[in-house]
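These notes are about the structure you will find just below.
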Amino acid sequence: MSELTRVLSSNPIEKRSAVKNLIVKILLYALLILITFITLFPYVWMILTSFKTNSEATSVDLKLFPEVFRIDSFITLSKLQEQRISNTSFLRAMLNTLIIEVTVIPVGTFVAALAAFSFSKMRLPHKRFFLLFLMSGMMVPYAAVLLPQYRAFKAIGWVGNEGFAQLFPLIIPGLFGNVGMMFFFIQYLKSTPKALIEAGRIDGASWLRIFIRIVLPAILPAIAAQVIFWFLGIWNDYFAPSIYLSNEWLTLQALISQLNDSTARRADIPLVMAGSTLGSIPMIIIYVFFQRYFIQSLALTGIKE
């Protein structure tokens, strides 16, 4: 009301300008509300569907809210092995996913940051060629290299194994870093003054000591953001786990897909939605508590070389 009162009490020229600004502001807010609704509606539908019965979830009458909120799907989700729906429990699938996360991300991030430091601050022969060569791999889709990679892993005994080695195809490649993450760190390191590196060399510090004591603290916001993206990527990965994993070593997304396949005949959509709802909780928690790092990682400003 204060905005409208100010518009009505102004002179004609200011009134037209203020009215135009007010209309633009209203349209922008309406657009943002619409985009928010479109974005959140599928997630709200997923949550509410997990509390429905099978008949309500598959009914042609689209009802957002269930007639009675039921937790049967969540109870069934906790007893997958007892009811012979899957060989993996839901908690075990989450644990398998976390094993990959905590194994790959710390080592892979350190290697990617170290490689970025080498390419951006050290004098390496033909480093531009090697950087372009590594980045050219980003243009090749994963499906194109899946068959040769699968045959290579099978030749060394990582495919068809019944033990922990099933996770090796998902863990070992990630330990060598991420090219996309490395390129991001290279761009971020442009804001690190070269004088700091030279001062460290003058003081007699080794390259590794300079990396750990100077470079790593300088790129912590970028590391935090990229770790979050990588965590979400591994958490939501379905393609590779569905190829290499089976039985009790299934990851979360592979298990949810198996639930969808195993319940297709009886159309137990609420069970699949319950699994998806619980599987999305860690991602929401991470976004709520670490969203500020997304903004900090884009602030590639400061002293340039």
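Things to note:
- Spatially, the stretch 227-260 and the stretch 17-35 are offset by 42 Å when compared through their Cα centroids.
- Low-density loop positions, chymotrypsin sites (Phe, Trp or Tyr not before Pro), the stretch 113-198 - DSSP coil, at most 14 other Cβ in 10 Å: none
- Sorting LEU278, LEU80, LEU208 by the number of Cβ atoms found within 10 Å of their own Cβ, with the fewest placed first, yields LEU208, LEU278, LEU80.
- Positive dipole terminus of the chain, leading residue within ALA218, GLY174, TYR142 (C-beta point charges): ALA218
- Of the residues ASP61, ASP237, ASP203, the one with the fewest other Cβ atoms within 10 Å heads the list, and the complete ranking is ASP61, ASP203, ASP237.
- Within straight-line cross-link reach of LYS154, lysines at Cα separation under 18 Å, skipping those fewer than 8 residues along the same chain: none
- Among GLY177, GLY108, GLY233, residue whose mean-square fluctuation peaks in a GNM of the chain (springs only between Cα atoms under 10 Å): GLY233
- Alpha carbon convex hull of the chain, projected area averaged over orientations, nm²: 25.3 nm²
- Additional length obtainable on full extension of the chain from ARG209 to PHE37, 0.36 nm per residue less Cα span: 56.9 nm
- Between ILE219, ILE75, ILE202, the residue with the greatest mean-square fluctuation in the GNM of the chain (Cα pairs under 10 Å linked by springs) is ILE202.
- For the chain, modelled as a GNM whose springs connect Cα atoms under 10 angstrom apart, the maximal fluctuation among THR36, THR277, THR251 occurs at THR36.
- Using the Cβ-Cβ distance between LEU28 and ALA143 with R0 set to 45 Å, the FRET efficiency works out to roughly 0.65.
- Kyte-Doolittle mean at least 1.6 and Cα axial length at least 20 Å: DSSP H helices in the chain: 220-235
Bear in mind these aren't lab numbers, they're just calculated from the coordinates by the rules spelled out. Note that the structure is predicted; figures quoted are calculated from it, not measured. Because the Cβ atoms are built from the backbone with ideal geometry, glycine has one as well, and the counts that use them run over all protein chains shown.
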